[in-house]
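Reviewing the structure listed below.
Values quoted throughout were computed directly from the atomic coordinates according to the rules given, and no laboratory measurement underlies them. Because the structure is predicted, anything quoted here is derived from the model rather than measured. Note that each Cβ is placed from the backbone with ideal geometry, even for glycine, and that neighbours are counted across all protein chains shown.
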Amino acid sequence: MTRVAVNLRNIVVGADVQIPLPNGRQVTPVNLDNAASTPPFLSVLQAIERFAPWYSSIHRGQGYKSVASTEMYESGRDAIKRFVNADNIKNTVIYTKNTTESINILAHVLQQDQKTRVVLSTEMEHLANDLPWRENFFVKYIKVDEFGRLSIDDLEKKLQEYRGSVKLVTVAGASNVTGYVNPIYTIAPIAHHYGAQIHVDGAQQVPHLSFDMKPYDSPEHIDYLSFSGHKMYAPFGTGVLIGPSTVFQNTDPFLKGGGAVRLVSRQFVDWDDPPARDEAGTSNVMGVVALVAAIKELESLNMVDIRSYERRLIDHAIERLQTIRFIKLYCFQAKDEARISLISFAVEGLNHHVVAQILSDEFGIAVRSGLFCAHPYVEKLLHMSQKDIEAFRKDPHLPFPGLVRISLGLYNQLEEIDIFLDAIAKIAGSREHYREKFTPGVKLAWHG
Ligand code: PLP
């Protein structure tokens, strides 16, 4: 039996800490909101505690602790490279705050090359992998099909249409709305064939499946990767951007200030080499300690085992959700669909926020509701027209449609999924009762 198959609740901090319900009852919560942020691994907290006595500000100090902290911080980059099989020599690992900052840095750096101005994003992206590109690029969005799955045909079509002008194809490794895992090793060779590079937004993929950036001479090579520590059991403010050192070598950094420079006078600024060039300001050393400890834990648990364990849980959830009347799932439900352990749905006649509130208030279950920072994708899944969206835009008091999402972590148990399934079946079976209780006077309507 793998380590993941046994109960891993004790591996994270706080899973069994009781919470109060509004009626005063104390319950053990069920956390199904791991795609937003995971609790820390216990080993992450222990690593921080172990390191704290040795902590000091890094790079410019000659004191013993400063040197030790610098060494820990710098060697963290190697651990990260190993984890995603990045090239040890050619790639640089830039520490950031989170995926959002990573992608903003990448967009800022790449826009300095004036030759190619088109970026192909997709219709399924989180806003972090959409908005930073809109500012300085001509962004085209690769289409999704009626189930929200990425169209590889449309990718090729767009690469042909904008042949020679596409700088980058930027795509989520896995969707934070539907949970689909995108075929990045199909996309990469196609992008490279047309002279474009590929960036993978790994925020939802890296915590759940093993990631391989593949060698530079492979057509499947992933040129850039970003991800966040707080979604992989290290919520201490560190994210990562990985890419070729040469790209960051001669470009203007996104953040400017101390630590990013070699020498400055009133007349000139000589920026440092990457990655320091893109890490201005005092570094988040503890965040790196946390991320490296989380990576070690994930590696020791084995990413393949994590994936298959979580897959069993989400398949169980999907199977039962399909049988509950008034619940609509927003994903393609084939057994062999590549997916991570999250899924979105709606309860007919109940507003998504209300469903989330009932789950929390009555059952102690944490889920997420809304548009999940992927507004255009969810609007598309809900078949909203531009006119519909404008109407909601004009009247901020109208409750905007949205979905409910459950997202699992490796410490979740089958029993917790069943607690959720029983709760949602009860809610779907007593919609009138709950609607009256939580939104008195509001009529039943699809998505509320
Ligand atoms: N990309 C995806 C797919 C996400 O799900 C998220 C966050 O939920 C982000 C990017 C942004 O991550 P962060 O908030 O850590 O910057």
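Tell me the mean residue ellipticity at 222 nm calculated for the chain from its helices only (DSSP H runs of n ≥ 4, each -39500 (n - 2.57), averaged over every residue, nearest 500). Result for the chain, helices only: -11000 deg cm²/dmol. Rg/Rh for segment 45-299 stands at 0.98; both radii use Cα atoms, and Rh follows the Kirkwood definition. Charging the Cβ of each Asp and Glu at -1 and of each Lys and Arg at +1, and nothing else, the dipole of the chain about its Cα centre rounds to 460 debye. Cβ crowding within 10 Å, taken as a proxy for footprinting-reagent exposure, orders Asp418, Asp278 from fewest neighbours to most as Asp418, Asp278. For the chain, hydrophobic long helices are taken as DSSP H runs at least 15 Å long by C-alpha position along their axis with mean Kyte-Doolittle hydropathy of 0.5 or more; these are 99-110, 285-301, 414-429.
Taking packing as the residue-averaged number of other Cβ atoms within 10 angstrom, the listed peptides 162-168, 355-361, 257-263, 202-208 run from highest to lowest as 202-208, 355-361, 162-168, 257-263. Shown here are the Rg and Dmax of the Cα trace of the chain, at 22.9, 72 Å. Binning the alpha carbon pair distances of segment 357-419 at 5 angstrom intervals from zero yields the distribution 4, 14, 20, 20, 13, 13, 9, 6, 2, expressed in whole percent. Rank Gly179, Gly229, Val200 by how far each Cα sits towards the positive end of the charge dipole of segment 128-260 (+1 on Lys, Arg Cβ; -1 on Asp, Glu Cβ) and give me just the farthest. Farthest towards the positive end: Gly229.
Where the only charges are on Cβ atoms (+1 Lys, Arg; -1 Asp, Glu), what is the dipole of segment 296-448 about its Cα centre, to the nearest 20 debye? Don't skip to the end; give the middle numbers.
Numbers: 20 positive and 21 negative charges, 101 e Å.
Roughly 480 debye, rounded to the nearest 20.
The packing ranking, built from the mean of other Cβ atoms within 10 Å per residue, places the peptides 238-244, 314-320 in the order 238-244, 314-320, highest first. Label-to-label distance for Thr282 and Asp315 is 5.0 nm, based on points extended 7 Å past Cα in the beta-carbon direction. Remark: spin-label model distance Asp217-His397 equals 6.8 nm, labels positioned 7 Å along the Cα→Cβ axis.
Taking the number of other C-beta atoms within 10 Å as the exposure measure, put Arg25, Arg368 in order starting with the fewest. In increasing order of surrounding Cβ atoms, one gets Arg25, Arg368. Once the Cβ-Cβ distance of Asn85 and Glu432 is raised to the sixth power relative to R0 = 60 Å, the FRET efficiency obtained is 0.65.
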